[in-house]
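We did not get these values from a lab; they are worked out from the coordinates using the rules stated. What you see is a predicted model; the values in this text were computed from it and never measured. For neighbour counting, all protein chains shown are included, and Cβ atoms are generated from backbone atoms with ideal geometry for every residue, glycine included.
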Amino acid sequence: MKTIRDFDLRGKKVFIRVDFNVPMENGKILDDTRILEALPTIQYALNSGAKVFLCSHLGRPKGKRIPELSLRPVYEYLKSKIKAPLYFIEDIMSEEAERILSQIKEGEAVLLENIRFYEGETKNDPELSKALVKFAEVYINDAFSVCHRAHASVVGVAELVKEKGIGFLTEKELKYLNRIIGKPERPFYAIVGGSKVSTKIGVLKNLLNKIDKLIIGGAMANTFLYALGYKVGSSMIENEFVETAKEIISKARELDVKIYLPIDAIVERNGEAYLISLEEIEEGDKIYDIGEDTVEYFSAALEGAKTVIWNGPLGYFEKEPFDFGTISLARRVAALSAVTVAGGGDTLSALKKAGVITAFSHTSTAGGAFLEYLEGKDLPGLAVLK
């Protein structure tokens, strides 16, 4: 797969699919991480004399023009970050778009309005791809986070362009993920959390063939505990995946992969938080976090790790005191002298809250693409570039 370095960009229209799907409130950007991560690729293209066209989605407008989901606030913010003139195209089918297209000079950039304002984007409509290709003599995908989507701006345009490759952010994502999937340094441990077993089955099954230990937390751990006969009170469990949890436990045993589950919990009982052992869980209790003993138990399990991958928080980290487990373990993982990779929006928010996001070797803003790549699936947005 080629990278942006492999092309002569001078004077060419370079279409860069970025991911500016950032959290916003009243037109104010709350977290600019995704924008900052795209800057090296954008600046490289501008410095190389390209005419740069940036394309992104924001939220799920489902083909409708929703003012709250306009990329204009991103455009205003980006103007202060890019060392070049920057324009904004509200409608790619408009005369204004044609005018900017004919007048843009080398080393200048354009941000296109939210591509999901067009119904054809999520349907990979050939007509939309044809409308977009006028901005693309070279196609660069620097949005690994949408590579699992067969959308017009991810797959359709790329199919119509001869010179295509990846940007620096996608390259970095693949470097770390390939290292983990291909030849991880051992011992290799995985921490998997989040609320649902159902969304992680593929990842768990695929990881079992590669890892030495598996640590399970979050609400999904409840389903595993329930499968082993523990009482979980009124905690969230997925009854239809109890058998799947049992299968994963027995597969791990076969492969000699030790599974670590919580040994105590912080529960909500009558509106109050209590730290209790699993044996003390009562009927109406809701498990919202792992307890102190579990943090120590998981930390001891991680000692000596050479590679650690983490996806999914270990509790209801958005609400105190249920952020204790995720934050405590995040700080322990950050202190390890191992290759540490974390992925997924919630996971990154938790690492940020713990103040350790920069201490990890690599943090991936991708959620679905990160999981599907770990499952061993071929991502459409990458397949089209090969």
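Annotations for the structure displayed:
- Percentage relative contact order, the chain, counting C-alpha pairs under 8 Å, at least six apart: 16
- Shape class for segment 248-341: oblate, because the ratio a/c of the largest to smallest gyration tensor axis (alpha-carbon atoms, square roots of eigenvalues) is 1.5 or more and b/c is at least a/b.
- Across segment 4-170, Cα pairs under 8 Å and at least six residues apart give a relative contact order of 29 percent.
- Subset of Lys172/Lys258; Lys213/Lys251; Lys175/Lys210; Lys210/Lys251 violating a 21 Å alpha-carbon distance limit: Lys172/Lys258
- Qualifying aspartates and glutamates (Cα of each under 13 Å from Cα of Lys306; at least 8 residues distant if same chain): Glu185, Asp212
- Test item: Cα-centred dipole of segment 232-304, Lys/Arg +1 and Asp/Glu -1 on Cβ, debye: 300
- Relative contact order, whole percent, for segment 184-374 stands at 22, derived from Cα pairs under 8 Å and 6 or more residues apart.
- Remark: spin-label model distance Thr199-Ile276 equals 2.8 nm, labels positioned 7 Å along the Cα→Cβ axis.
- Loop-located trypsin sites (Lys or Arg not before Pro) in segment 289-367 (DSSP state other than H, G, I, E, B) with a sparse environment of at most 16 neighbouring Cβ atoms within 10 Å: Lys306, Lys319.
- Taking Thr363, Thr294, Thr199 as the candidate residues, the one with maximal mean-square fluctuation in a Gaussian network model of the chain, Cα springs under 10 Å, is Thr199.
- Just checking the listed ones, Gly120, Gly27, Gly291: in the Gaussian network model of the chain with Cα springs under 10 Å, the one fluctuating most is Gly27.
- Tensor-based shape of segment 1-63 (alpha-carbon gyration tensor, a/c under 1.5 rounded, otherwise prolate or oblate): prolate
- Global form of segment 4-170, assessed from the alpha-carbon gyration tensor, a/c cut-off 1.5: rounded
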